[in-house]
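A.B. asks: First the structure, which I've put down as structure tokens, then a few questions once you've had a look.
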Amino acid sequence: QVHLVESGGGLVQAGGSLRLSCAASGGTFSRYSMGWFRQAPGKERELIAAIKWSGGSTYYADSVKGRFTISRDNAKKSVYLQMNSLKPEDTAVYSCASTTQAMGITALYDYWGQGTQVTVSS
């Protein structure tokens, strides 16, 4: 059982930055690939970034590529999402999740955090 807790969300103006953190407990964190997802009102949940258990491979959705950076610290059992050049359309609930399988497939993620709200004002 893996327990995930996100933090770092909030209200920011367009063009600003936020750094989200996801702290894990339980399980063996270094065995899990981790993903960041977001869901805006009325929209489907979207995988926006993922990082392999080793940190050696990452994935970014086109919507965030070049603006967001995912990283992890296995010693701290944490994964991070640095978000720069934020846009109003980035407003959503952001959640982290873990998987021991392919990191690019949403359905294969096993454990989820509760999410943190990110609101970008124009």
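The values are calculated or read from the model by the stated rules, or taken from the named source; none is laboratory data. Quick caveat, the model's predicted, so the values are computed rather than measured. Virtual Cβ from ideal backbone geometry, glycine too; neighbours counted across all protein chains shown. Just the protein is used for accessible areas: all its heavy atoms, side chains included, with ligands, DNA and RNA removed. Shrake-Rupley method; radii C 1.70, N 1.55, O 1.52, S 1.80 Å.
A.B. asks: Can you return the lysines within cross-link range of LYS52? Criterion is Cα-Cα under 23 Å, with same-chain partners fewer than 8 residues away left out.
C.D. replies: Within the straight-line limit of under 23 Å, LYS52 reaches these lysines: LYS65, LYS76, LYS77.
A.B. asks: On to the next question. Scan around PHE68 for amide H atoms under 5 Å from its own, H built in the peptide plane at 1.01 Å from N, and keep only partners 5 or more places away or cross-chain.
C.D. replies: HN-HN under 5 Å from PHE68: ASN84.
A.B. asks: Report the local net charge at ILE51: Lys and Arg +1, Asp and Glu -1, summed over other residues whose C-beta lies under 12 Å from its C-beta.
C.D. replies: Taking every other residue near ILE51 into account, the sum is +1.
A.B. asks: Next question, about the same structure. What is the local net charge at SER121, summed over the other residues whose Cβ is closer than 13 Å to its Cβ (Lys, Arg +1; Asp, Glu -1)?
C.D. replies: Around SER121, the surrounding residues sum to -1.
A.B. asks: First measure r as the distance between the Cβ atoms of GLN13 and LEU108, then evaluate 1/(1 + (r/R0)^6) with R0 = 25 Å and state the FRET efficiency to the nearest 0.05.
C.D. replies: Using R0 = 25 Å, I get an efficiency of 0.10.
A.B. asks: So, counting K/R as plus one and D/E as minus one, what does the shell of residues with Cβ under 14 Å around SER71 add up to?
C.D. replies: Within the 14 Å Cβ shell, the charges total +4.
A.B. asks: Going by amide H atoms built from the backbone, whose H comes under 5 Å of the H on ASP110, apart from near neighbours?
C.D. replies: SER98, THR99, THR100
A.B. asks: Next up: With the crude spin-label approximation of a point 7 Å out along Cα→Cβ, what separation in nm comes out for THR69 versus HIS3?
C.D. replies: For the pair THR69/HIS3, the computed spacing is 3.1 nm.
A.B. asks: For segment 38-122, state which GluC sites (Glu not before Pro) are in a DSSP loop and have at most 10 other beta carbons lying within 10 Å of their beta carbon.
C.D. replies: Passing sites in segment 38-122 are GLU44.
A.B. asks: Before I look further, what does segment 2-122 give for accessible area per residue, probe 1.4 Å, in whole square angstrom?
C.D. replies: Here the per-residue accessible area is 50 Å².
A.B. asks: Mind listing the phi-derived Karplus ³J(HN,Hα) values for segment 106-121, rounded to whole Hz, using 6.51, -1.76 and 1.60 with θ = phi - 60°, and x for any glycine or proline?
C.D. replies: 4, 5, 8, 7, 9, 10, 10, x, 7, x, 9, 7, 10, 10, 10, 8
A.B. asks: I've got another one for you. If the cut-off is a Cα-Cα distance under 19 Å, which lysines reach LYS43, setting aside same-chain residues fewer than 8 apart in sequence?
C.D. replies: Partners found: LYS87.
A.B. asks: Give the carbon-plus-sulfur fraction of the accessible surface of the chain in %, rounded to a whole number; probe 1.4 Å, heavy atoms of protein chains only.
C.D. replies: Ligands and nucleic acids excluded, carbon and sulfur give 47 percent.
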